[in-house]
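What follows is a set of notes on a single structure, which appears directly below.
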């Protein structure tokens, strides 16, 4: 009658009958959670960095973003288009430019194409400009006396609609809650982490399978 002692490495049997290292089986969900956390932190960092860069660029170089809420500049810049513009001296305004200037009697400025530019007698820092929307049949009713202006550099259709939607309080609240939930989830202690505290699964433990003379086997952990 003989007694055999089989030394086996840590294994974990899955439903298919195949085996995988216990430590690998336990730590795999932790690694996936860590990857999700890293991705979330990276995306948050990128978004924050872009916001800071745009803030600096807009303050230092005078860039700004506008969204076309009407179709007066269609089809070049239809309703919902987003445009980036830059402040320029009124002396640089030329016919054909698309500019944003204050609209007397209205809260919002007007963004139309320049038809004519004329000097203002006695004021070298002002210009009288005539504007017209690309979709309009006639020039704007009255010329504009301006001392400041922003010229449209480029525009993208539809994007403005998305931007306006994202700025709605309900949407902002939803995404804020979603990000908060994801961050809490990514940092929440995993249930698998507690199992590693058990001596059977702790790092460095060795599993021995002992076979007694009657053929019964018992697992013991060092």
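Take the conditions (1) out of contact with any strand residue (DSSP E or B) (no Cβ under 9 Å at 6 or more places or on another chain); (2) at pLDDT 85 or above; residue 31 misses just one of them, which is (2). Residue count for the range 133-150 under the criterion of being under 36 Å from the mean Cα position of the chain (by Cα) and closer than 18 Å to residue 79 by Cα: the result is 3. Restricting the search to strands (runs of 3 or more DSSP E) fully inside the range 124-222 and requiring at least 1 residues that are within 30 Å of residue 62 (Cα to Cα) and either in contact with a helix residue (DSSP H, G or I) (Cβ under 8 Å, 6 or more places away or on another chain) or at pLDDT 55 or above (or both) gives 144-146, 149-156.
Checked against (1) part of a loop (DSSP other than H, G, I, E, B); (2) at pLDDT below 90, residue 5 passes all but a single condition, namely (1).
The values are calculated or read from the model by the stated rules, or taken from the named source; none is laboratory data. Note that this is a predicted model, so its numbers are computed, not measured. Note that we place each Cβ from the backbone using ideal geometry, even for glycine, and neighbour counts take in every protein chain shown.
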